[in-house]
Amino acid sequence: MYMQQTMRWFGPKDPVSLSDILQSGCTGVVTALHHIPVGAVWTIEEINIRKSIIEAAGLEWKVIESLPVSEDIKKQNGDYLQHIENYKTSLRNVAACGLEVVTYNFMPILDWMRTDIAFTLKDGSKALRFEKAAFIAFDLFILQRPGAEKDYTRIEIETAIQRFETLTEAEKETLYTNALLGLPGSEERFTPEQILAALKTYATIDAAKLKQHLFYFLQEVVPVAEACGLKMAIHPDDPPYPLLGLPRIVSTVKDLEDLLNCIPSPANGLCYCTGSLGVREDNNLVSIIERFGNQIHFIHLRSTRRDAAGNFYEADHLDGDVDMYAVMKALLAVMHHNKTSVPVRPDHGHQMLDDLHKKTYPGYSGIGRLKGLAELRGLELGIIKSCFT
Ligand code: DNO
C-alpha cells in the first residue's frame, strides 16, 4: 500500500481505544500531548511515555497532530520569543524520539467552526455541519460581537434574523456551545466574555500582518526541523475563509504558494486536507496536488457538500463535492513517482450504528471513521492495481 494508514487518537481518555484503531487496519495513530500547555516544551520523557503506550498496542506514532502554536506567537506579543524557543526545543525532542511529521495550524483563537455537530443525514447517521445563517445569527445575536454587522450583507442579516426567530432557547444554547467548542477533542468552550476579549486582541492584526507573523515563525523553526530531519505540515483553515472578523491565511492556493515560497525547504510543507480546502469552489484539489505534491507531508481525506447559500455538511468520504477518485489518483501518482509513503487519515466520520449511543468526540467516532477508511482503502487498492502496477 502506498498510504500509511492512520487514525487520530486523542490519548488515553479517548473513547476510541488503540485496540479499536488497530482492528480498523491502521498501522499507526496520530496524536498529541494534549495535557501540555500550549507554548510549553514537550519533554523527551513525556513523548516517550506516550510513544511506549502506542507501541505496546502494536501501533506506530510518527505524526504529531498538533504541536500547537501559541496565541502569543500568532500575535507576536507577550512571551512569543520564548514560545518560539520552546517550539524549537520540542521539535528537537520529538525528532530525538523518532517522530517524523509535525502538524500545526495558524488559525487565530479558534480551530474549526461548525454550527451543528449532530446533523441527521437521510440514512439516520449524524454529521458535522456549518450553516451560514445560524452562524451569522450566533455572531450578531448570541455573541453580539461589536461591529459584526459590517461583515455581512443586508440579505445575510435578514436571513439570520429570520433564522434566529426559529430557534428555541435550547437550540440557542446548543448553537453557542457548538460554535465555541474551540478545539477538536476538547470539551471546553469559551464564555462570550472570553471570546470577545480574545477577539479584541486581534483588532490590529489583519491578514497581511498575520502572514508576516507566520513567516517569521517559519523562518525560525523550519531550519531546526530541517536539521533534525522533521517535516512540518500546516493544516489549512477550516472553513477556509475569515470568521468573526479574524483573518485566516491558509485558505487559498495563493496562501499555500506564499507560505511554501517564503522558506523553501523540504521541512516546510502541508497537511493536505480535502475537507477544509474543498469547501472553497475556487480551490482545485487535484491541481493543488500537482503543484505542491512534493510538499504534502500528511493527508486528511474527507468530503463536504456545499450549497449556494454557503452552508456545508460533511458527506460520505466518497461522496460530496470532492472528487475522491481524482484526488486519490493524483496523490498516489506523487507517491509512486517519489517512491514515498505518506501518512494519511480518514478525517472525521459520521456517527452511525453504535456510535450513536456512545459519547464520542465530534467528528471522531470509531465506526464512522472506520467506514471512511475502509472505502478509501478500497479506492486506493483499485487505483494502484489499475494504474501503478
Ligand atoms: C479537525 C482537525 C484540525 C487539525 C488542526 C491541526 O478535525 O483536522 O483541528 O487537527 O487544525 O493543527
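Each reported figure results from applying straightforward, stated rules to the coordinates on display, with no laboratory input. What you see is a predicted model; the values in this text were computed from it and never measured. Here Cβ is always computed from backbone atoms with ideal geometry, including for glycine, and neighbour counts include all displayed protein chains.
At an R0 of 51 angstrom, the distance between the Cβ atoms of Cys97 and Arg154 translates into a FRET efficiency of 0.40. For Asp347, nonlocal amide neighbours, meaning residues 5 or more places apart or on other chains whose placed amide H falls under 5 Å from its own, are Leu301, Arg302. Could you compute the FRET efficiency for Glu55 and Asn338, with r as their C-beta to C-beta distance and R0 at 30 Å, rounded to 0.05? That pair, Glu55 with Asn338, gives E of 0.65. Stretched out straight at 0.36 nm per residue, the stretch from Gln76 to Leu353 would grow longer than its current Cα-Cα span by 95.1 nm. Cα extents for the chain along the principal axes, largest to smallest and rounded to whole angstrom: 56, 50, 39. Straight-line cross-link partners of Lys132 among the lysines, defined as a Cα under 22 Å from its Cα and at least 8 positions apart when in the same chain: Lys122, Lys150, Lys172. Each helix, a run of at least 4 DSSP H residues, gives -39500 (n - 2.57); summed and divided by the residues of the chain, these come to -12500 deg cm²/dmol at 222 nm. Taking amide H as placed 1.01 Å from N in the peptide plane, the amide H of Cys273 sits under 5 Å from that of His300, each at least 5 places away or on another chain. Spherically averaged projected area of the convex hull of Cα atoms, the range 59-103: 3.2 nm².
Evaluating 6.51 cos²θ - 1.76 cosθ + 1.60 at θ = phi - 60° for every residue in the range 269-284, the Karplus couplings come out as x, 10, 9, 7, 10, 5, x, 7, 4, x, 6, 8, 5, 7, 8, 8 Hz, glycine and proline recorded as x.
Lysine pair count for the range 296-372 with Cα-Cα distance under 27 Å and sequence separation of 8 or more or different chains is 4. Overall, the chain carries a charge dipole of about 600 debye about its Cα centre when +1 sits on the Cβ of Lys and Arg and -1 on the Cβ of Asp and Glu, all other atoms neutral. In the chain, the DSSP beta bridges split such that about 30 percent are antiparallel, to the nearest 5.
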